[in-house]
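K.L.:
Take this structure first; my questions come after.
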Amino acid sequence: MLFTSGHHQEYINKAFKSKADCIVLDLEDAVPEKMKSAARVLSREVLESDLIDDRPVFVRINPMETGHTLVDLGAVACQQLSGFVYPKAYCASDVKAFSAQLALIEMNLGLEKEHFDIIVLMETPQAVLSALEIAKASPRVIGLLYGCEDFLTDMRGAHGPDGRSLLVPRHLVSMAARAADIIPIDTPYVKVHDSQGLAEHIGQARELGFEGMLVMSPRQINEARTSFSVSDQDYQYAQKIVEASGKSTQGISVSKDMFVSPPTFRRAQNLLARYAAIAAFEKDVLP
């Protein structure tokens with residue numbers, strides 16, 4: 001997911017020229033207070049322009065405590081918008097209330113029920129500790145997006161070596177998403193010129209079960225897309241696991257240094273399905 005400032009036409013143009021899987025027009029942190037109104041106007045113009053392609057486009061609104069949320073919704077809600085990134089969630093009731101607001105907007109705009117999806121930005125300690133309830137709060141919720149900077153601020157914490165201060169909350173968010181059968185999306189890596197650090201960050205994210213991440217700059221897209229995709233080596237190994245499992249007469253076996261068991265078989269099936277889904281997305285959706 002690529003976030004881009006909702007008030008900056010040049011950045012928006014670059015975002016839509018990129019190979020990001022999802023574009024998020026930001027009305028919150030990336031927009032100064034005095035530019036909020038201009039960002040709403042420009043974001044709506046973009047949503048009704050020929051920049052829109054087959055990729056999902058979301059808007060990150062301002063949180064409820066700012067007083068901007070309903071104004072944001074009224075300005076950008078339309079048929080072309082896929083949904084909203086909901087920031088500063090605290091508990092499931094926040095998401096339920098927001099979902100109810102979206103239902104009313106859909107009715108008023110004549111849109112189909114649950115037209116708008118929600119990706120919840122998990123950036124408070126309370127949200128992380130309520131992650132599973134938030135993930136199941138509404139059928140609109142299709143993903144949990146971990147946000148580390150606000151989380152560390154609330155924790156009075158700091159970035160530690162090897163991302164150790166983030167491992168627990170990242171894993172809690174990914175576990176909750178998987179338990180609710182929705183998409184776990186990892187926090188951005190804010191050092192946009194540090195390619196080695198980005199690669200290490202993504203390596204951890206994959207180990208923790210994340211399916212993708214938020215990127216702060218188009219320069220991070222290639223690394224993110226490559227690293228979160230299924231490599232040819234992983235694909236071939238998964239195929240061998242499935243084949244070995246089909247031939248095995250035992251529930252658990254070791255075949256050519258491969259550990260074949262019901263869990264590894266299911267992981268291999270999941271990986272092959274992900275490979276096929278990515279291929280279909282790149283063929284049918286990406287510009």
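K.L.:
Within segment 185-207, restricting attention to residues that are surrounded by fewer than 24 Cβ atoms within 10 Å (Cβ to Cβ) and among the charged types (D, E, K, R), which residue is farthest from V141 (Cα to Cα)?
P.N.:
Top of the filtered list is D194.
K.L.:
Restricting to segment 12-40, what's the tally of residues that are surrounded by fewer than 19 Cβ atoms within 10 Å (Cβ to Cβ) and assigned to a helix (DSSP H, G or I)?
P.N.:
The total comes to 8.
K.L.:
Going by the structure shown, is F3 assigned to a strand (DSSP E or B) and aromatic (F, W, Y)?
P.N.:
In short, yes.
K.L.:
Quick check on my filter: what residues within segment 171-207 are of a type in the set (A, V, I, L, M, F, W, C), under 18 Å from V85 (Cβ atoms) and outside any helix (DSSP H, G or I)?
P.N.:
Those that are of a type in the set (A, V, I, L, M, F, W, C), under 18 Å from V85 (Cβ atoms) and outside any helix (DSSP H, G or I): A180, I182, I183, I185, V190.
K.L.:
Look at L214 and say whether it is touching a His at 6+ places or on another chain (Cβ under 7 Å) and surrounded by 14 or more Cβ atoms within 10 Å (Cβ to Cβ).
P.N.:
No, not satisfied.
K.L.:
Grab the helices (runs of 4 or more DSSP H) fully contained in segment 57-138, keeping just those with 2 or more residues being β-branched (V, I, T) and in contact (Cβ under 8 Å) with a residue 12 or more places away in the chain.
P.N.:
69-76, 92-109
A quick yes/no check of all residues on (1) assigned to a loop (DSSP other than H, G, I, E, B); (2) at pLDDT below 95:
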| residue | (1), (2) |
| --- | --- |
| G209 | yes, no |
| I221 | no, no |
| V242 | no, yes |
| G246 | no, yes |
| R267 | no, yes |
| E282 | no, yes |
| L286 | yes, yes |
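K.L.:
Could you identify the single residue in I142, I105, I182, I119 that is aliphatic (A, V, I, L, M), in contact with an Asp or Glu (Cβ under 8 Å, 6 or more places away or on another chain) and either in the same structural domain as M216 (by TED's automatic domain parsing) or surrounded by fewer than 19 Cβ atoms within 10 Å (Cβ to Cβ) (or both)?
P.N.:
Every option except I142 fails the conditions.
K.L.:
So, one more: Under the condition of being under 17 Å from the mean Cα position of the chain (by Cα) and not small (G, A, S), which residue from segment 271-281 is farthest from S231 (Cα to Cα)?
P.N.:
The qualifying residue farthest from S231 (Cα to Cα) is F281.
K.L.:
For M258, state whether it is assigned by TED's automatic domain parsing to the domain that holds I142 and modelled with pLDDT under 95.
P.N.:
No: the conditions fail for M258.
The values are calculated or read from the model by the stated rules, or taken from the named source; none is laboratory data. Quantities reported herein were computed from a predicted structural model and do not represent experimental measurements. Note: ideal-geometry Cβ built from the backbone for every residue, glycine included; neighbour counts use all protein chains shown.
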